[in-house]
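Only one structure is covered here, and it is reproduced in the block below.
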Amino acid sequence: MQKPHVKLFIPGPTEVAPEVFEAMSAPMIGHRQKVYSDLHKKIKDKLKTVLYAPNHMMFLSASSATGLMEGFLRNCTAKRNLSCICGAFSLRWHEIAIGNGKEADTLNFDWGKPYDNKEIDKALATGKYDTITTVYNETSTGVKNDLEELSQIMKKYPNVIWGVDAVSGMMGAKIETEKLGIDFLVASVQKCFALPPGLAIAAISKRAMERAKTIPVRGFYFDFLDYEKYDVKDQTPATPAVSLLNGLNFQLDRIIAEGLDNRFKRHHDMAERVRDWAEKYFELYPARSASSETVTCIKNTRGFNISDMNKKLAERYIHISNGYGDLKEKTFRIAHMGELTMKDINEVLSIMEEIWGLNKSEKASCCGSCGGH
Ligand SMILES: *Cc1c(COP(=O)(O)O)cnc(C)c1O
């Protein structure tokens, strides 16, 4: 049993199951031993299943996802990158491109709205770009983008390598990587995988690897050709995060035992519950149809103080997320990722109702301060 601890309803890190921590406490092994390669191979095979990518290569990196995102831009952009931005995390792609001296443009969409894929089509039709970087689940605004629709557009541009930041969506919603034609799908494990931070995962297409072969300066830690060389031996170029990989191997078994569709439905049902709640007492920040499956961003229409709320929630061993950046006091976010269940969600929502007196004011439907006539 885990001791009472502050339960996280934030978009990462997320709750880790005690049995996962236990799996991580296995003795160390040498990462050039066969026993390591066996572990690496098992994880790769399971990832190919859960990421719907039997023919992609799997990268396991002792870094957070941002590291592999940097690797993608270095290894796959020869000409010019286009970053499609609808919030703080999608902006990061562009910052990485610039930070690595790549030619790069942005295509900006209003925060709180998903991409307008027709605009992306127009931008790619200029022929200026050889990589495009997008986000699946924009964690700062609680928006999910329509990857299916975008994938139809991407089919018209076989020379544009497509990167998707799926950090806060992978294992919380279905992303059929190969069918969609995604070249690079990346995530960290401290979100819907429900592991401690320190490990990143990416699925990469053959097409993207072919591109890397044409790029002379690919960096060192994230040199994808080096990754490929070691992948053949079921190893990584530098020392892997062995404990986290033990945890991941175990967690993938749990994920597969739950059933992918069951897992995605659990996330969807929790999202629907929080959306209903948000619409009852507040407003959703994005349109409901574009609202994320893993984190709900709620407009703070009642002007409550979110930091005060978190202080009160801490006494009940609960922590939620305030808005991101400029949205700090204007919104708050409730994540429903990883290990969380409907029971947890019902609990956090009813405690918030109690602390903010929402039930009372709603029943009275008057000033809200009289406690109900
Ligand atoms: C959390 C998050 C990141 C950052 O991931 P790191 O693990 O810190 O590298 C990037 N993109 C999105 C959408 C995220 O939610």
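Coordinate-derived values only; no laboratory data. These numbers come from a predicted model, not from an experiment. As a convention, Cβ positions derive from the backbone with ideal geometry for all residues, glycine included, and neighbour counts pool all protein chains shown.
Work out how much length Asn159 to Lys328 would gain on full extension: take 0.36 nm times their residue separation and subtract the Cα-Cα distance, in nm to one decimal.
Values: separation 169, 0.36 × 169 = 60.84 nm, distance 3.93 nm.
Extra length from Asn159 to Lys328 when fully extended: 56.9 nm.
Once label points are set 7 Å from the Cα along Cα→Cβ at both Arg254 and Ile215, what is their separation, rounded to one decimal in nm?
Placing both labels 7 Å beyond Cα along the Cβ direction yields 3.4 nm.
Nearest-5 percent of antiparallel DSSP beta bridges in the chain?
Numbers: 22 of 41 bridges.
Restricted to the chain, the bridges split so that about 55 percent are antiparallel.
If I stretch the segment between Lys113 and Glu347 completely, what's the gain in nm (0.36 nm per residue apart, minus their alpha carbon distance), one decimal? All intermediate terms of the calculation are to be shown ahead of the outcome.
On the way: separation 234, 0.36 × 234 = 84.24 nm, distance 2.93 nm.
Stretched out fully, the Lys113 to Glu347 stretch lengthens by 81.3 nm.
For the stretch 313-342 and the stretch 288-310, what is the separation of their Cα centres, given in Å?
8
What number comes out for the charge environment of Arg263, summing +1 per Lys or Arg and -1 per Asp or Glu over other residues with Cβ under 14 Å away?
Numbers: positive: Lys46, Lys174, Lys191, Arg254, Lys265, Arg266; negative: Asp253, Glu258, Asp261, Asp269, Glu293, Glu339.
The answer is 0.
List the pairs from Lys122/Lys155; Lys191/Lys213; Lys79/Lys191 whose alpha-carbon separation is above 23 Å, in the order I gave them.
Lys191/Lys213; Lys79/Lys191
Cβ under 14 Å from Gly127's Cβ, Gly127 left aside: what net charge do those residues give with Lys, Arg +1 and Asp, Glu -1?
Details: positive: Lys79, Arg80, Lys122, Lys128, Lys156; negative: Glu103, Asp105, Asp121, Asp130.
Taking every Cβ under 14 Å from that of Gly127, the sum is +1.
Taking 8 Å as the Cα distance limit and 6 or more residues as the minimum spacing, I'd like the relative contact order of the stretch 218-373 as a percentage.
Relative contact order here is 17 percent.
Amide H of Asp183: which non-local residues (sequence gap of 5 or more, or other chain) have their own amide H closer than 5 Å, using H built in the peptide plane?
Amide H neighbours of Asp183: Trp162.
Just need the relative contact order of the chain here, percent rounded to a whole number, with Cα pairs under 8 Å and 6+ apart. Working shown, then result.
Working: 722 pairs, mean separation 87.4, N = 373.
Answer for the chain is 23 percent.
Considering Cα pairs under 8 angstrom that are at least six residues apart, work out the relative contact order of the stretch 1-102 and quote it in whole percent.
On the way: 41 pairs, mean separation 14.3, N = 102.
Once normalised by length, the contact order is 14 percent.
Pop out the ³J(HN,Hα) list for the stretch 184-192 in order, Karplus 6.51 cos²θ - 1.76 cosθ + 1.60 with θ = phi - 60°, rounded to Hz; leave Gly and Pro as x.
8, 10, 10, 7, 9, 8, 8, 10, 6
With unit charges on the beta carbon (Lys/Arg positive, Asp/Glu negative), name the residue among Pro197, Asn322, Leu39 whose Cα is farthest towards the positive pole of the charge dipole of the chain.
Positive-end residue among those listed: Leu39.
What helices in the chain pass both tests, a Cα length along the helix axis of 20 Å or more and a mean Kyte hydropathy of -0.5 or higher, using whole DSSP H runs? Could the numbers behind the result be given before it?
Working: long enough: 34-50 (24 Å, -0.94); 242-258 (24 Å, 0.58); 260-281 (32 Å, -1.78); 342-356 (21 Å, 0.15).
Within the chain the helices that satisfy the rule are 242-258, 342-356.
Quick one: dipole size for the chain, taken about the Cα centre, charges +1 on Lys/Arg Cβ and -1 on Asp/Glu Cβ, in debye to the nearest 20. Mind showing how you got there, number by number?
Working: 50 positive and 47 negative charges, 83 e Å.
That gives a dipole near 400 debye.
What residues have an amide H closer than 5 Å to that of Val135, excluding those fewer than 5 places away on the same chain, when H is modeled at 1.01 Å from N in the peptide plane?
So Val135 has HN proximity to Asp165.
Please give every one of the lysines within straight-line cross-link reach of Lys311, meaning a C-alpha to C-alpha distance under 17 Å, and leave out same-chain neighbours fewer than 8 residues apart.
Lys7, Lys328
In the stretch 118-157, which trypsin sites (Lys or Arg not before Pro) are in a loop and have at most 15 other Cβ atoms within 10 Å, using DSSP for the loop call?
On the way: sites: Lys118, Lys122, Lys128, Lys144, Lys155, Lys156; in loops: Lys128, Lys155, Lys156.
Loop-located and lightly packed - Lys128, Lys155, Lys156.
Compute the signed sum of charges (Lys and Arg +1, Asp and Glu -1) over the other residues within less than 13 Å, Cβ to Cβ, of Asn310. Walk me through the numbers on the way to the answer.
Details: positive: Lys7, Lys311, Lys312, Arg316, Lys328, Arg333; negative: Asp308, Glu315, Glu329.
Counting the neighbours of Asn310, the net charge comes to +3.
Give me the log10 of I(q) over I(0) for the chain at q = 0.12, 0.15 Å⁻¹, as the Debye formula computes it from C-alpha points; what are the numbers?
The Cα Debye sum returns log10 ratios of -0.90, -1.31.
Along the Cα→Cβ direction, 7 angstrom out, place labels at Asn359 and Glu22. What is the inter-label distance in nm?
3.6
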